[in-house]
Structures are given as C-alpha cells and as structure tokens.
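Novice: Here's a structure for you.
Laboratory data are not the source of any read-out in this text; all were calculated from the coordinates shown. All of these numbers come straight from a predicted model, not from anything done at the bench. Cβ coordinates were reconstructed from backbone atoms using ideal geometry, including for glycine residues, and neighbour counts include every protein chain displayed.
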Amino acid sequence: MSAPPDPLDAPSTAAAPAPDEKTAVPLAIEDWLTVLVMAALALITFANVLVRYFTDQSFAWTEEISVFLMIVLALVAGSASVARNRQIRIEFFIDRASSPRRRTLERFSAAMVFALFTLLAGLSMRMVFDDIRYGETSPGIGVPTWWYSIWLPVLSIAIAARALGLFLREGKRR
C-alpha cells in the first residue's frame, strides 16, 4: 500500500504576480520607504520593550513617533497600491465588463482616487496652516504638530500623482 501524495509536493496553481508596469517615477521609492519605515518602527518598538523590561520605565516619545510612522506607512503603501493598480475596490463590475468598458471603469476609478486625494491634500493643508498659526505642540515630545501633519498633504499629493499616472497609462492601452 502506497502513501498518499504529499500536497506540498504538488506544483503550485497560484499565478505569479504580474510584473510592475513602467512608471515615470520608479516604484522602488515607495518600496524602499516602506522598508525604512517598517525598520524604524521595529527598532523603536524593540528599544522601548528592552527599556521597559530592564528598567520598568518607558520611552514616552516612542508611542508618538510610532503612531506617526504607522500613518506614513499606510499612505506610502496606498501610493504603491495605486501605482500598481491594486487598490481596494469592487471588482464585480470590472471583471464582467468588456475590454473597452473595463478600461473606462479603470480610468474612472483612477480619476476618483485622484479627486479624493487632491481634496484630502487641500483640506489637510488647512490643518497644517492652523497647526502653524496656533503654535500647537505634540503632547509627548512637545515638538510643533505641523512636523507630523505636513506629511498628510505631501503624501496625499503623491497618491494623487500616482492616480493621475494610472489614469494616463490606462488611456494609452488598447
């Protein structure tokens, strides 16, 4: 009697991810920013754990920096997903559409992402100006809050630019 085949020996049926499209601004920027932010988060958290374990104290600034870095990480990852056309969306309609309609829906999706993040950039700039005008400081470290809040409009503009690039690339496809 022979042993049943091992499922781990079977060839994988999962498709390999498609290679990234050529973009005017290299996608490696988002990839490396993601790596650097994740490394900084890991180091800060690890240092705080070690200090807490050995001294029963805590670095007060680590939570503030970690929250900031997690927001940056989410926005950088959002930029990468838009550039790669892998953002969260409802694909029910796109998967069932003809090729010309699919291209139209893809362009509409990119245009809506562009509009949303352009609006977010404009509104968040108002928040940055208020942070500067009123001289608000962070509760943990006491640095000006605009040091943190300035990155929301900057990264929103980056996402909007990636969406615009996607819109233009989708328009060139046949």
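Novice: In the Gaussian network model of the chain, springs joining C-alpha atoms below 10 Å, which of V76, V51, V25 carries the largest mean-square fluctuation?
Specialist: It is V51.
Novice: Same structure, new question: Would you mind ranking F93, F59 so that the residue whose beta carbon has the fewest other beta carbons within 10 Å leads the list?
Specialist: F93, F59
Novice: Where in segment 53-85 does the label zone of L27 land, with the point 7 angstrom along Cα→C-beta and an amide N cut-off under 18 Å?
Specialist: 74-85
Novice: Semi-axes, largest first, in whole Å: what does sqrt of 5 times each Cα gyration tensor eigenvalue give for segment 98-174?
Specialist: The equivalent ellipsoid of segment 98-174 has semi-axes of 37, 9, 8 Å.
Novice: A further question on this structure: Using the 10 angstrom Cβ neighbour count as an exposure proxy, how do S99, S58, S156, S138 rank, fewest first?
Specialist: S99, S58, S138, S156
Novice: Name the residue from V154, I65, N48 whose Cα lies farthest towards the positive end of the charge dipole of the chain, charges +1 on Cβ of Lys and Arg and -1 on Cβ of Asp and Glu.
Specialist: So the residue we want is V154.
Novice: Expressed as a rounded percentage, what relative contact order does segment 25-172 have, with Cα pairs under 8 Å and six or more residues apart?
Specialist: Averaging sequence separation for qualifying contacts and normalising by length gives 29 percent for segment 25-172.
Novice: Largest first and to the nearest Å, give the Cα extent of segment 25-172 along each principal axis.
Specialist: 64, 37, 27
Novice: For every helix of n ≥ 4 consecutive DSSP H residues, a contribution of -39,500 (n - 2.57) applies; sum these over the chain, divide by its total residues, and give [θ] at 222 nm rounded to the nearest 500 deg cm²/dmol.
Specialist: Dividing the helical sum by the residues of the chain leaves -23000 deg cm²/dmol.
Novice: Next question. Treating the beta-carbon of each Lys and Arg as +1 and of each Asp and Glu as -1, no other charges, what is the dipole magnitude of segment 5-160 about its Cα centre, to the nearest 20 debye?
Specialist: The calculated dipole for segment 5-160 is roughly 740 debye.
Novice: A further question on this structure: By counting other Cβ atoms within 10 Å of each Cβ, how are I44, I90 ranked from fewest to most?
Specialist: Listed from fewest to most nearby Cβ atoms, that is I90, I44.
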